[in-house]
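The values are calculated or read from the model by the stated rules, or taken from the named source; none is laboratory data. The structure presented is a predicted model; accordingly, all values stated were derived computationally and were not measured. Counting neighbours? That spans all protein chains shown, and the Cβs are built from the backbone with ideal geometry, glycine included. Just so you know, the surface numbers come from the protein's heavy atoms only, side chains and all, with ligands and any DNA or RNA stripped out. Shrake-Rupley method; radii C 1.70, N 1.55, O 1.52, S 1.80 Å.
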Amino acid sequence: PWGECDISRGACVCAAGYVGVNCTKECPGGRANPCSGHGECGVDSTGAARCSCSESWVKSDCSAQCPGRGTCNGHGLCTTTGSTAGTCVCSTGWKGADCASECPGGFANACSGHGSC
């Protein structure tokens, strides 16, 4: 009931928020807001509906944005470690929740090589 048959293609055309051969898999975020509007829904290798989030968005339903303009200010990777928001893991030489602060000694020689930042 969540799609229409396209006879010329011989395939179902799914309604928004549904995927799969028969349009029976509901996308994370639901029919009203698939992938929270920040990703594309598809079917993974196990046949489950999964979101592929747009850059700077994380979580299974793409509902959390990374700090630092959504990109950890270009100095880290965004992850979800059990929190409701994206969390930055800063690259060497950078610190802060959004990886915006350079460590003393900078990228090449953080903490003069005698500590961690």
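Structural remarks
- For Ser52, the conditions (1) in a loop (DSSP other than H, G, I, E, B); (2) of a type in the set (Gly, Ala, Ser); (3) loosely packed, with under 15 Cβ neighbours inside 10 Å are fulfilled apart from (1).
- Residue within region 87-95 that is under 29 Å from Gly30 (Cβ atoms) and of a type outside the set (Phe, Trp, Tyr) present: yes
- Pick from region 92-106, criterion modelled with pLDDT of 90 or more and in a loop (DSSP other than H, G, I, E, B), ranking: surrounded by the most Cβ atoms within 10 Å (Cβ to Cβ): Cys99
- Filtered by the rule that a residue be of a type in the set (Ser, Thr, Tyr) and open to solvent by less than 40 Å² (accessible area, probe 1.4 Å), region 1-49 gives Tyr18, Ser36.
- Residues (among the hydroxyl-bearing types (Ser, Thr, Tyr) and farther than 30 Å from Gly93 by Cα) located in region 23-79: Thr24, Ser36, Ser45, Thr46
- One residue stands out in region 13-49 among those that are touching an Asp or Glu at 6+ places or on another chain (Cβ under 7 Å) and in a strand (DSSP E or B): the one that is farthest from Gln65 (Cα to Cα), namely Val13.
- In region 88-106, residue nearest to Gly76 (Cα to Cα) [restricted to those that are of a type in the set (A, V, I, L, M, F, W, C) and touching a residue at least 24 places away in the same chain (Cβ under 8 Å)]: Cys99
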